[in-house]
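Please read the structure below before turning to the comments.
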Amino acid sequence: QVQLAESGGGLVQPGGSLRLSCVAAVDYKAICWFRQTPGKEREGVACMTKSDRTTYYTDSVTGRFTISGDNAKNTVYLDIDNLTPEDAGVYSCATGKYDLAALYYSDFDLTDFTAWGQGTQVTVSS
């Protein structure tokens, strides 16, 4: 009864790239990616709406992260380029409640989300 399943994490050298995947077994209006490192609060990374496919990125990842989707596979991707040690952490995806533009989720209010995946670990090291 897994609603969301993330994959694609692993050990990557600084400057490397990863593609993370979020496979949804439930219907959704929007999906956002979050990341969390021990000792830090969970932070929002990027969001995409299902119907209009609008996107939003937090300032710290703009230009390096790309969120996209494949409707046939019911999957949302997060492509990460030029990884730094600060990008390390557990990356999770979550479903948004409302069929609105991705900008609506720019505050990453946790009350706007329902299902959560267990996350995939990204480690950045030489």
For Thr84 and Ala5, what is the calculated FRET efficiency with R₀ set at 25 Å and r taken between the beta-carbons, to the nearest 0.05?
0.45
Rounded to one decimal in nm, the spacing of the 7 Å Cα→Cβ label points at Gln118 and Lys97 is 2.7 nm
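Using a probe of 1.4 angstrom, how much of the accessible area of segment 4-126 is carbon and sulfur, in percent?
Summing carbon and sulfur atoms, their accessible area is 48 percent of the total for segment 4-126.
Just want to confirm a number: the relative contact order over segment 63-126, from Cα pairs under 8 angstrom separated by 6+ residues, in percent. Could the numbers behind the result be given before it?
Values: 69 pairs, mean separation 21.9, N = 64.
Relative contact order for segment 63-126 comes out at 34 percent.
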Considering the options Phe65, Val122, Leu103, tell which one lies farthest towards the positive end of the dipole of segment 29-126, charges being +1 on Lys and Arg and -1 on Asp and Glu at the Cβ, about the Cα centre.
Val122
Got a sec? Charge dipole of the chain, +1 on Cβ for Lys and Arg, -1 for Asp and Glu; which of Thr37, Asn82, Val2 is way out at the positive end?
Val2
With every atom except the alpha carbons ignored, what do you get for Rg and Dmax of the chain, in angstroms?
13.4, 41
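FRET efficiency for Ser126 and Arg64, Cβ-Cβ distance as r, R0 = 22 Å, nearest 0.05?
On the way: r = 19 Å, r/R0 = 0.85.
The formula returns an efficiency of 0.75 here.
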The answer for Ala115, listing residues at least 5 apart or on another chain whose modeled amide H is closer than 5 Å to its amide H, is Thr95
Expected vector for segment 116-126, Karplus 3J(HN,Hα) from phi with 6.51, -1.76, 1.60 and θ = phi - 60°, integer Hz, x for Gly and Pro, equals 10, x, 7, x, 10, 7, 10, 10, 10, 7, 7
Quote the charge dipole size of the chain about the Cα centre in Debye, to the nearest 20; the model charges only the Cβ of Lys and Arg (+1) and of Asp and Glu (-1).
260 debye
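The values are calculated or read from the model by the stated rules, or taken from the named source; none is laboratory data. Everything numeric in this text was worked out from a predicted model, so none of it was measured. Positions of Cβ are generated from backbone atoms using ideal geometry, with glycine treated the same way; all protein chains shown enter the neighbour counts. What goes into the accessible areas is simple: the full protein's heavy atoms, side chains included, and nothing from ligands, DNA or RNA. Shrake-Rupley method; radii C 1.70, N 1.55, O 1.52, S 1.80 Å.
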